[in-house]
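Presented below is the structure to which this report refers.
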Amino acid sequence: MTRTSPTRGRAAGAGYALPAVLFLAALFAVPLARILELSLHPVDGTGNPLPEFSLVQYQRVLTEPFFAESLRSSLLTALLVTVLCLLLGYPVAYALARTRPGVLRTVMFVIVVSPLLTSVVVRSYGWVVLLSANGAVNRFLVATGLADAPVPLLTSYLAIVVSVTHVLLPFAVIPLTTALGGIDGNLRRASQMLGAGPIRTFWRITVPLSLPGVATGALVVLPLAMGIYITPLLVGGANRPLAGLRVYSQITSVYDYPVAAALSFTLLLLTLLCVTVLGSGFRFWERRLYG
Amino acid sequence: MADAPAAERAATGRAAAAPSRPRRLGRRILGGAGRVAAALPAALVLLFLAAPMAVLAISSLNATASLAFPPSSLSLRWYAEVLGSQEWAVSLRLSGLLVLLVVATTAALGTLAAYAVARGDFPGRRAVAGFALSPLMVPEIIIALSLLYYFQGLGLVNTIAGLWLAHSVVALPFVVRTVMVSAQNLDPTLERAAASLGAGRLRVFWTVTLPLLRPGILAGAVFAAVTSLGEVAVTALVSGANTTTVPVRIFSAVQFELDPSVAAISTLLMLASVLVMVVVDRFTHLSEAL
């Protein structure tokens, strides 16, 4: 350090990042730019892109109910799943953050993280097995007399919401655990010593201080939920009105790449819009809390 | 909440005398109820998280060709079938090879980038960090479509090289994120000490910086490995008949049949991931690296 000038140090620092930047430029940015360009071309009768530029694909995406409905449905489903992940993840994160290191904590941690480490296909397949006509849930329903015959759970919207929530839940639990674990226990004690009960302490101390974790969890889960297609495909079938599934079917069975690209970009814009609104909402809330 | 009364007594000897005995008893009961109230939802959610995977593992032990739960009789025949199958063996080898390639690539690229972002002082540092993490913000179907279209032009569809590059794009942000945490906690005086004792730039990086970053790199490597091992969203589109990874083979098998052999291979994949995690967790705390 003593022998190198500050400017050289700077250049070297930037140099370390260069391989990754070049790699992502070539394999992430350029491919995205290529499909953005593709989405600006009209197609001939067989789905081949024509040389001239137009916004006709975006017009199709926004006006044809087949696509527009799927965008609306994806957005609503993603928001619902995000809220569910935060609500379900909070108690687990709370328990994880307050359990001392030991066997119990390790078991809890493995249960939380193992879905993250297991292929999404395997997890979705687990739900297929659980919800199929002779699966555990239907057997339980029939055995207890709650249903006369097996219920077609597999193709229901509920099944999609439940399985997508399951797949994305660990992404919410982890930042929540980090935030809750970082809260100084003395603050809780101080609050109780000053006469606040456990419930009031929870709402006035724990929840506001865990807000950064809530924000991170929401901002991680939402984009993942917006474009998810493997899980809904396996659990609900390819015909559900979700944008991810519509893109997939345009690619694999209709071979209309330009409209798939336009739908993808509309979905991406919608995702970034949501992330921006949500992010600034959380920042505004935090500023109001901490001044 | 649990140790609040004790802390109260310890922290303020005089103030602890203030609440009357019945009130303290009431608070203790309330505290106990509060703990149960807090633990019960957590237990239910953990059950929800574990249920589908437990059901899958148990169903794979069915003696008959059905996924009935609970199984009427148990056997390991589907495991024998999967492990003896040529198709699954090819897929297992391919998935294993990809894990090695992807971990090596992303660990190298990700570590350097994270170190530069966390410790460097160059203009555009935040932009580089944002760019390195940006694949996380893009819905998976979009990455899948863009790589499919790009690879079609380059002739990389249905090739091992294509899958290697695609998995690396998806896995790289995880490595960058975990190493960045380690790099931010790294004490710069250690590097300065090594440099002042005469070690060259490369030697400092190799013998001081890298060992200190090891927890983050290890955690990142685990995530890269499991990402590659489980990747379907992009792989399903850019792979082909000659490059069917294990999860993609599961994906297509699940769409057409419900057979315990798929549950058996899924369980094996699951066990492999949990094993990797438990082993690595002995060396570094994955939970903190996230």
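The values are calculated or read from the model by the stated rules, or taken from the named source; none is laboratory data. Since the model is a prediction, treat every value here as computed from it, not as a measurement. Glycine gets a Cβ as well: all are built from the backbone with ideal geometry, and neighbour counts include every protein chain shown.
For first residues located in the range B:232-258 and more than 9 Å from every other protein chain (Cβ to nearest Cβ), partners that are assigned to a loop (DSSP other than H, G, I, E, B) and crowded, with 24+ Cβ neighbours inside 10 Å and lie 6+ apart or on another chain with Cβ distances below 6 Å form the pairs B:235/B:245. Pairs are defined by a Cβ separation below 6 Å, a sequence spacing of at least 6 or placement on different chains, a first member in the range B:49-60 that is more than 8 Å from every other protein chain (Cβ to nearest Cβ), and a second member that is among the hydroxyl-bearing types (Ser, Thr, Tyr); the pairs so defined are B:57/B:267; B:60/B:267.
Condition (residue is touching a Pro at 6+ places or on another chain (Cβ under 7 Å), on the phi < 0 side of the Ramachandran plot and touching a residue at least 24 places away in the same chain (Cβ under 8 Å)) applied to the range A:86-108: is it met by at least one residue? Checked against the condition, which is being touching a Pro at 6+ places or on another chain (Cβ under 7 Å), on the phi < 0 side of the Ramachandran plot and touching a residue at least 24 places away in the same chain (Cβ under 8 Å), the range A:86-108 yields no hits at all. From the list A:6, A:51, the one residue that fits, being at pLDDT below 90 and more than 14 Å from every other protein chain (Cβ to nearest Cβ), is A:51. Would you pick out the residues in the range B:61-74 that are more than 9 Å from chain A (Cβ to nearest Cβ) and surrounded by 14 or more Cβ atoms within 10 Å (Cβ to Cβ)? Within the range B:61-74, B:61, B:62, B:63, B:71 meet the criteria. Could you list, in sequence order, the residues of the range B:222-231 that are at the interface with another protein chain (Cβ under 10 Å from one of its Cβ atoms) and not in a loop (DSSP other than H, G, I, E, B)? Within the range B:222-231, B:222, B:223, B:225, B:226, B:227, B:229, B:230 qualify. Residue count for the range A:94-114 satisfying the condition of being facing chain B (nearest Cβ under 7 Å) and either assigned to a helix (DSSP H, G or I) or closer than 10 Å to residue A:173 by Cβ (or both): 8.
Annotation note: of B:117, B:157, B:103, the sole residue that is farther than 14 Å from residue B:180 by Cα, surrounded by 15 or more Cβ atoms within 10 Å (Cβ to Cβ) and either over 20 Å from the mean Cα position of the chain (by Cα) or at the interface with chain A (Cβ under 7 Å from one of its Cβ atoms) (or both) is B:157. For the range A:115-134, the candidate set comprises residues that are more than 7 Å from every other protein chain (Cβ to nearest Cβ) and outside any loop (DSSP other than H, G, I, E, B); within that set, the residue that is farthest from residue B:226 (Cα to Cα) is A:131. Against the test of being surrounded by fewer than 21 Cβ atoms within 10 Å (Cβ to Cβ), among the β-branched types (Val, Ile, Thr) and under 22 Å from residue A:217 (Cα atoms), the options A:83, A:92 yield a single qualifying residue, A:83.
Taking the range A:263-291 as the range and being among the small types (Gly, Ala, Ser) and under 21 Å from the mean Cα position of the chain (by Cα) as the test, the residues that pass are A:264, A:279, A:280, A:281.
Identify, from the list A:216, A:271, the residue that is within 11 Å of chain B (Cβ to nearest Cβ) and over 30 Å from residue A:100 (Cα atoms).
Values: A:216 fails: over 30 Å from residue A:100 (Cα atoms).
When all the criteria are applied, what remains is A:271.
The set of residues in the range B:245-271 being assigned to a loop (DSSP other than H, G, I, E, B) and crowded, with 22+ Cβ neighbours inside 10 Å consists of B:245 alone. Here A:137, A:161 are screened, and the one residue that is in contact with a Ser or Thr (Cβ under 9 Å, 6 or more places away or on another chain) and either assigned to a helix (DSSP H, G or I) or at pLDDT 80 or above (or both) is A:161.
Which of the residues belonging to the range A:169-203 are in a helix (DSSP H, G or I), out of contact with any helix residue (DSSP H, G or I) (no Cβ under 7 Å at 6 or more places or on another chain) and either exposed (fewer than 13 other Cβ atoms within 10 Å of the Cβ) or more than 7 Å from chain B (Cβ to nearest Cβ) (or both)?
As a first pass, look at the range A:169-203 and keep what is in a helix (DSSP H, G or I): A:169-181, A:185-193, A:198-203.
Now drop any that are not out of contact with any helix residue (DSSP H, G or I) (no Cβ under 7 Å at 6 or more places or on another chain), which leaves A:174, A:185-186, A:190, A:199-200, A:202-203.
A:185, A:186, A:190, A:199, A:200, A:202, A:203 - these are the residues of the range A:169-203 that are in a helix (DSSP H, G or I), out of contact with any helix residue (DSSP H, G or I) (no Cβ under 7 Å at 6 or more places or on another chain) and either exposed (fewer than 13 other Cβ atoms within 10 Å of the Cβ) or more than 7 Å from chain B (Cβ to nearest Cβ) (or both).
Taking the conditions exactly as written (assigned to a helix (DSSP H, G or I), crowded, with 22+ Cβ neighbours inside 10 Å, more than 9 Å from chain A (Cβ to nearest Cβ) and modelled with pLDDT of 85 or more), does residue B:162 satisfy them or not? Outline the logic, then answer.
Working: assigned to a helix (DSSP H, G or I): yes; crowded, with 22+ Cβ neighbours inside 10 Å: yes; more than 9 Å from chain A (Cβ to nearest Cβ): yes; modelled with pLDDT of 85 or more: yes.
Taking the combined requirement at face value, the residue satisfies it.
The helices (runs of 4 or more DSSP H) found wholly in the range A:221-291 and carrying at least 3 residues that are without any contact (Cβ under 8 Å) to a residue 24 or more places away in the chain and surrounded by fewer than 24 Cβ atoms within 10 Å (Cβ to Cβ) occupy A:257-290.
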